[in-house]
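Everything on this sheet refers to the single structure shown next.
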Amino acid sequence: MLTTTLWAAQIILALYFLFGGLPKVLGRGIDRWIGFDDIPRPVTILIGVAELAASVALVLPLLLGAFEWTTPLAAVGLVVVTLMASGFHVRAGEWLPGLATTLWAMLAGVVAIGRWDLLTTGPSLGADLLVPVIAVLVVAIVVTLVVVFRMPAPSRAEAREAAVRAAEGTHV
């Protein structure tokens, strides 16, 4: 039962992030999404590529019977990406999208935990490498949280006014 449930969750996540990552990479349809105007295009492409790679790594290795250890790592990567998106939504006062992205992060986290045993087939990383990596990640997370919560998010009205002023300035 657990295997079937994990497969279903992986397929749902893979499809969601496949169709979420494609517009970010291709640049088509991204204008309908909130918040991507504030993110530089190369960063948007990087996010899209990460989502596409994770969507493939959630399903393909287990189907092929090779590199299965990438599946829990892909799920962890999606947790990171979606929690960062949640932070942007919360900062902008968009509570429902923030909740939705947090739920996607939780689903990816459950897949990571459910497939964690596959890491034993992957490369071995010693404590000499993992301890400094974890230390750097924890510091980066704390700094990111401090920055996100200390910076006031502009209201949508202010953002619209700035866009109108910018558009008027280009026509003068």
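The values are calculated or read from the model by the stated rules, or taken from the named source; none is laboratory data. Computed from a predicted model, the values in this text were never measured in an experiment. Cβ placement follows ideal geometry from the backbone for every residue including glycine, while neighbour counts extend to all protein chains displayed. Just the protein is used for accessible areas: all its heavy atoms, side chains included, with ligands, DNA and RNA removed. Shrake-Rupley method; radii C 1.70, N 1.55, O 1.52, S 1.80 Å.
Details
- Among all residues of region 20-34, there is at least one that is under 11 Å from the mean Cα position of the chain (by Cα), at pLDDT 85 or above, over 20 Å from Val146 (Cβ atoms) and surrounded by 19 or more Cβ atoms within 10 Å (Cβ to Cβ).
- Any chance Ala92 is modelled with pLDDT under 75 and farther than 30 Å from Glu68 by Cβ: no
- The one condition in (1) within 13 Å of Arg115 (Cβ to Cβ); (2) touching a residue at least 60 places away in the same chain (Cβ under 8 Å) that Ala74 fails to fulfil: (2)
- In the set (1) farther than 22 Å from Phe19 by Cβ; (2) of a type in the set (A, V, I, L, M); (3) at pLDDT 85 or above, Ala66 fails one condition alone, (3).
- Scanning region 77-89 for residues that are open to solvent by 40 Å² or more (accessible area, probe 1.4 Å) and out of contact with any Asp or Glu (no Cβ under 9 Å at 6 or more places or on another chain) returns Val80, Leu83, Met84.
- Tally of residues being under 10 Å from the mean Cα position of the chain (by Cα) and of a type outside the set (D, E, K, R) across region 44-74: 4
- Residue count for region 47-76, restricted to those that are open to solvent by 40 Å² or more (accessible area, probe 1.4 Å) and closer than 13 Å to Gly27 by Cβ: 2
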